[in-house]
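Student: Below is a structure I'd like to ask you about.
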Amino acid sequence: MAAEQGVAALQAILQTEAPHLLEKREKKERREGLPELKNAVKGKVVLRFAPNPNGPLSFGHARGIVINGNYAKEWDGELILRFDDTDTVVKPPLPSAYDQIPEEAEWLLGFKPHRVVIASEQIPHYYEHAIKMLEEKFGYICQCSGEDFKEYRVTKTECPCRSNSRELNLELWGKMNDGTFVPGDAVVRVKTSMDLKNPALRDWPALRIQNTAQHPHPRPSIGSKYRVWPLLDFQSAVEDHMQGVTHIIRGKDLMDSTRKQTLLYEHFGWTYPETMYWGRVKVHEWGGFSTSQMRRDIEAGLFSGWDDPRLPTLRALRKTGITADALRDFWVELGVTQKDISVPLSTLYSHNTKSIDDDAPRLSFIRDPVNLTLKGEHPNKVSVEVHPNHPSRGMRHFDVTNNSIWVEKQDLDKSEIRLKGFANIAIENQKGNPITAKIGSVERNDRRPIIHWLPDSGKTKATLMLAEDGEIKHFEGLIEAHSYPHGTMVQIERIGYARVLDDSTLIFTHS
RNA sequence: GCUCGUAUAGUGUAGUGGCCCAUCAUGAAGGACUCUCAUUCCUUCGACCCGGGUUCAAAUCCCGGUACGAGCACCA
C-alpha cells in the first residue's frame, strides 16, 4: 500500500483510524527514584508511617520513613507519624520513644512529619466503631477459647457466638469493659466468611481484653484506663480511615492485614487506600533486627544503650557517622520491590562516602605510635592540605623543629618510606631506642610508599572507637591537634572516615 | 498442611510483547589523576530460575515445576 499510494496516504489513514500508532515511541529511559504512585493527586496524598514505640527507630524503620516521606514530598502531600501503641503486654511501649521517634524521623527526613497520631489516645474512636460493628451485626463477641476457634477456622465451621443477637453482643461488650471478663474470656470478631480461601481472614479478631491493672499502659494519661484494646488490623484500619490516608506502603508481611482490613472497609462502606509492599531486608553483617530483642539485650547490659555502635538503630548509625542523606539514598535505591533481599553494608557505606567525603577535613591519626628521631637537614615547617580537592580550605601546619615525629609501627616494615608532604626517610635502626631516621630528599623523587605521620609538637592522645565483629574495640593513638567541634565528620588519612565524639575520642565510621 | 507473594550479573535495581546480543548503581580486576590504601575519572568482567504454551515476535502474557519468603497470634 505504501508503495502504491505513498507513505503519506498511509499516514493519513492511520491518523484517523489509530492515531496512537503514529506517536513517536520514545527511547525507554531508566526510571529515576521511586516507582509511580497509583491514583495520586498532587496535594491530596496522605501517607503514614506507623511504628510501635517500643524502642527508638531501627535501620529497618528507616525504610518506612524514607519511602513514605519521599512520596509525601514528591506529591506535595502529608506524612502522618502514628504510634501504634495498643499492646501493653507483649510489646509494651517505651515512654522515651514518644519523644525520640519524632526527633529521629525529622533528622532522617529533613522535615517534621505533618501530623502525629497516638493510637492509645484514640481508644474512644475505636470503641465507637466497635459498637457500630456490633449494632449492625457485622461484628460479634466470641467467647470461644483460642484453641476452639482455631478448630472452627481450619474446619470452616461457624462459631456458635456468631449468631449472638445484637442485644447479647452489646451486653457482652459491657462485660468486656466493666471487668466481668478477663483476658481470654471474650474477643470482638469481624464477620467475614468461614469458607474464605485464606484461613487467616476467617472471622478475624478486632479487639481483645488486656490486663491493664497488671500491665498498665506506660503513658500516665492512659495507664489502666481501658481494659478493651483494639488489635492492629482493626486499629490501623479505623485510624487510616479517620485520618484520610490515601496510600499505604508497608512490608509484605502485612498483605493479609490488607485483606482483613478491606473486608472491614466493605462492612463500613469505605474505600481502602492504594497499597504497595516491600519485601524483607537483611543486612549481611547484621542478620535481622528486632526492637524487642534489642531492648532485652540493653536491659541485660549486653549493650551500653540504644546508641551502642554495634546496634542497627538510627541513633547508633547517626553516632557512628552515617548521614541522613546516605540512608535516604540507600532506601530509595532499593525501591519498593516485594523481593526479599540481603544487602551488604558496603552499599550503605558507598552512599555515605559520597555524602561526606567532600566536606570531611583530613586528619592524621597514628595507631600504635612509634617515635622517630630525624637526622639530617630538613625544613622546620611543613604544610599539608586540609582537603586535597579544596585548596581554599587552607593548610595544616606541622612544626618539626625538635626532630621528633610519630609514625605507625606497621609502617616501619619498610625502611625506605616517604612522610606525606614532608620528606623521604631511611630508617637507620629498627630496634634502636630511639629509632632514628635519616632524612633523604625533601622533593619527592621516587615511588616509595607514602605514609602519614605526626610531629611530636602537634599531637594529642586520642582513642579511636570501632565496632567490629560484635565487639567494641578501642585503639589508643595520637591524633593531629585540631579544633573541629564534636560531631564533625573527618577523614583519617589512609584509614577511613570517622566522627569526632569528644576532645579525645573518634568513632570509626567506615573505610 | 492451608493461603498469599516473589524469582534479571557477586549484591541491589530498570524493564509491563518488538527500542533488550537487557539499564543504572554497587562490587571485583586493571588503568589515569593524586605527596592518603581517600575522592574523581576511564576500561573490563558479569544476569533474564527450569520446562512447556500463546504469538510473526516473550525478560515481559498463560500453565506447570523448583527455590525462597510471609501470613494462618486475644503481637505490631
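The values are calculated or read from the model by the stated rules, or taken from the named source; none is laboratory data. All of these numbers come straight from a predicted model, not from anything done at the bench. All Cβ positions, even for glycine, are placed from backbone atoms using ideal geometry, and neighbour counts span all protein chains on display. All accessible areas refer to the heavy atoms of the entire protein, side chains included, with ligands and DNA or RNA removed. Shrake-Rupley method; radii C 1.70, N 1.55, O 1.52, S 1.80 Å.
Student: What FRET efficiency, computed as 1/(1 + (r/R0)^6) with R0 = 35 Å and r the Cβ-Cβ distance, is obtained for A:Asn389 and A:Asp76, rounded to the nearest 0.05?
Tutor: Step by step, r from the Cβ atoms, then E = 0.45.
Student: Name the shape class, rounded, prolate or oblate, that the alpha-carbon gyration tensor gives for chain A, where a ≥ b ≥ c are the square roots of its eigenvalues, rounded holds for a/c under 1.5, and otherwise prolate holds if a/b is larger than b/c and oblate otherwise.
Tutor: Taking the square roots of the gyration eigenvalues as a ≥ b ≥ c, chain A is oblate.
Student: Quick one: what are the phi-derived ³J(HN,Hα) couplings along the range A:31-41, Karplus 6.51/-1.76/1.60 with θ = phi - 60°, whole Hz, x for glycine and proline?
Tutor: 5, 9, x, 6, x, 4, 8, 5, 6, 9, 10
Student: Just to check I understand the Karplus step: with θ = phi - 60° and J = 6.51 cos²θ - 1.76 cosθ + 1.60, what whole-Hz values come out for the range A:364-379, glycine and proline as x?
Tutor: In residue order, the calculated couplings are 9, 10, 10, 7, 6, x, 10, 8, 10, 9, 8, 10, x, 6, 6, x Hz.
Student: In addition: Looking at the range A:16-167 only, what percent of DSSP beta bridges run antiparallel? Nearest 5 please.
Tutor: 0
Student: May I pose another question? Residue by residue through the range A:394-408, which ³J(HN,Hα) values in whole Hz follow from phi under the Karplus form 6.51 cos²θ - 1.76 cosθ + 1.60 (θ = phi - 60°), with glycine and proline marked x?
Tutor: x, 10, 9, 10, 10, 10, 10, 4, 8, 6, 10, 9, 10, 9, 6
Student: Related question: If you take the square roots of the eigenvalues of the alpha-carbon gyration tensor of the range A:123-230 and sort them as a ≥ b ≥ c, do you get rounded (a/c under 1.5), prolate (a/b over b/c) or oblate?
Tutor: It is prolate, given that a/c is not under 1.5 and a/b is the larger ratio.
Student: Could I ask something else about it? Expected output is a single nm value to one decimal: the length gained when fully extending between A:His267 and A:Val154, i.e. 0.36 nm times separation in residues minus the C-alpha distance. What is it?
Tutor: Computed gain between A:His267 and A:Val154 is 38.3 nm.
Student: Near the amide H of A:Ala423, under 5 Å away, which other amide H atoms are found, from residues 5 or more places off or on another chain, if H is placed in the peptide plane?
Tutor: none
Student: Where in the range A:219-261 is the amide nitrogen less than 11 Å from a point lying 7 Å along the Cα-to-Cβ axis of A:Leu196?
Tutor: Taking a point 7 Å out along Cα→Cβ of A:Leu196, the residues of the range A:219-261 whose backbone N falls under 11 Å are A:256-261.
Student: Continuing with this model, one more query. Assuming R0 = 45 Å, can you tell me the calculated FRET efficiency for the pair A:His474 and A:Ser292, based on Cβ-Cβ distance, to the nearest 0.05?
Tutor: 0.90
Student: Order of A:127-139, A:311-323 by packing, highest average Cβ count within 10 Å first?
Tutor: Final packing ranking: A:311-323, A:127-139.
Student: Continuing with the same structure: Can you give the FRET efficiency for A:Ser504 and A:Gln243, using 1/(1 + (r/R0)^6), R0 = 56 Å, r = Cβ-Cβ distance, to the nearest 0.05?
Tutor: Plugging the Cβ-Cβ distance into 1/(1 + (r/R0)^6) gives 0.70.
Student: Express the carbon and sulfur contribution to the solvent-accessible surface of chain A as a percent, rounded to the nearest whole number, probe 1.4 angstrom.
Tutor: Within chain A, the accessible surface is 49 percent carbon and sulfur.
Student: While we're on this one: Test of understanding: extend the Cα→C-beta vector of A:Leu345 to 7 Å, then name every residue of the range A:472-511 with backbone N under 12 Å from that spot.
Tutor: Backbone N within reach: A:472-473, A:508-511.
Student: Taking a probe of 1.4 angstrom, what is the accessible area of A:Phe83 in Å², to the nearest 10?
Tutor: 0
Student: For A:Val245, what residues show an amide H to amide H distance below 5 Å, using hydrogens built from the backbone and excluding near sequence neighbours?
Tutor: Long-range HN contacts for A:Val245: none found.
Student: How would the range A:327-369 be classified by its alpha-carbon gyration tensor: rounded, prolate or oblate, with rounded meaning a/c under 1.5 and the a/b versus b/c comparison settling the rest?
Tutor: oblate
Student: If the label point is 7 Å along Cα→Cβ of A:Asn445, which residues in the range A:417-436 have backbone nitrogen under 16 Å from it?
Tutor: A:417-419, A:422-426
Student: Oh, and also: For chain A, list the cysteines whose Cβ sits under 4.7 Å from no other cysteine Cβ?
Tutor: A:Cys144, A:Cys159 - these cysteines have no disulfide-compatible partner (Cβ-Cβ under 4.7 Å) in chain A.
Student: Run the numbers on chain A and let me know its relative contact order in percent, using alpha-carbon pairs under 8 Å that are six or more apart.
Tutor: In percent, rounded to a whole number, it is 11.
Student: Hey, got a sec? Which trypsin sites (Lys or Arg not before Pro) in the range A:446-511 land in a DSSP loop and have at most 16 other Cβ atoms within 10 Å?
Tutor: A:Arg447, A:Arg494
Student: Relative to the present Cα-Cα distance, how much length would full extension add between A:Leu170 and A:Glu147 at 0.36 nm per residue of separation?
Tutor: Contour length minus the Cα-Cα distance gives 5.9 nm.
Student: Also, quick follow-up: Between A:Lys438 and A:Ser96, what length comes free when the chain is fully extended (0.36 nm per residue of separation minus the Cα-Cα distance, one decimal in nm)?
Tutor: 117.2 nm
Student: For the range A:425-451 and the range A:30-82, write down the distance between their C-alpha centroids in whole Å.
Tutor: Distance between centres, Cα-based: 57 Å.
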